[in-house]
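Report on one structure; see the data block that follows.
Nothing in this text is a laboratory measurement; each read-out follows from the coordinates by a stated rule. All values derive from a computational prediction rather than experimental measurement. Cβ: placed from backbone, ideal geometry, glycine included. Neighbour counts: every protein chain shown.
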Amino acid sequence: MCDHCGCSIVENHDHHEHSHDHGHEHSHAREIDVQRSILSRNERLAERNRGIFMAHKMAAINVMSSPGSGKTALLERTLQEAGARFRVGVVVGDLATENDARRIQAHGVPAIQISTGTACHLDAHMVHHALEKLDLDALDILFIENVGNLVCPASFDLGEQARVVLMSVTEGEDKPLKYPVMFHTASVVIINKIDLADAVGFRREAALSNIRRIAPRAQVIGLSARTGEGMAGWLDWLVQHVERPFSQVE
């Protein structure tokens, strides 16, 4: 469990589980209280970020996945195919290195790297400080590439208007069932690396059924960030959510 987040909060935990150890029960209760306090503070800061995004009429999109699903590759392909249409900025979260930020910057786009150290997610405070390094008046879209993790980032509102969750065909069809909180919060679920689907025996209908079970309201888009196959569906969604009135962005 990450020491910095509320990923282990259980809303309806059973006190009887700890009745054998009175001291442990109190310790567990303090831990829950601290985690709830952390999330409550984050929510307040997320509202501040949301106000900034609204004031600048900028769409903020939180991009999340497990490590290696292709978040950075998706952003690179997006910049190649739609970078001239929108003014884009990127905030990149990783435990260490600035490799992904450099990849984005190579496309002529401002990218701010957040190195989280031991924290397994971005939070609203980190994002707020990154915003101070960007010219927000010069942006239509801010992509926030979260730390590769399907647990902790789901608990932290960053002030975004939409959440995009990637899963790749190499991860298996049951990813949404294993990580329901993450997928349930998604505005869009992207199935990436579809060019490898046949090679790895990916069962598309099973994956779609699992996604619909956990995230019935999410739009599902299959694509390959490497080859560009299916990118039209993603770009259509992006255009709709940036060009329609800001108050309708979800």
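Excluding residues fewer than 8 places away in the same chain, name every one of the lysines whose C-alpha is closer than 26 Å to that of K193. Straight-line reach from K193, under 26 Å: K71, K175, K178.
Per residue, the Cα convex hull of region 15-248 amounts to 143 Å³. Straight-distance candidates among the lysines for linking to K57, with alpha-carbon spacing under 23 Å and chain neighbours fewer than 8 residues away dropped: K133. Among T118, T170, the ranking by other beta carbons within 10 Å of each residue's beta carbon, starting with the fewest, stands as T118, T170. Going by neighbour counts of Cβ atoms within 10 Å, the residues K71, K178 line up, fewest first, as K178, K71. Couplings 3J(HN,Hα) for region 199-208, derived from phi with the Karplus relation 6.51 cos²θ - 1.76 cosθ + 1.60 (θ = phi - 60°), are 5, 9, x, 5, 9, 4, 5, 5, 5, 4 Hz, where x marks Gly and Pro.
Fewest-first ordering of D140, D236, D198 by other beta carbons within 10 Å of each residue's beta carbon gives D198, D236, D140. Note on A199 and A138: the model spin-label points, each 7 Å out from Cα along the C-beta direction, lie 3.9 nm apart.
Ordering Q240, G201, S65 by the projection of their Cα atoms onto the charge dipole of region 15-248, which places +1 on the Cβ of Lys and Arg and -1 on the Cβ of Asp and Glu, puts Q240 at the extreme positive end. May I ask you to derive the FRET efficiency for H125 and R213 from their Cβ-Cβ distance with R0 = 41 Å, giving the value to the nearest 0.05? FRET efficiency, H125 to R213: 0.75.
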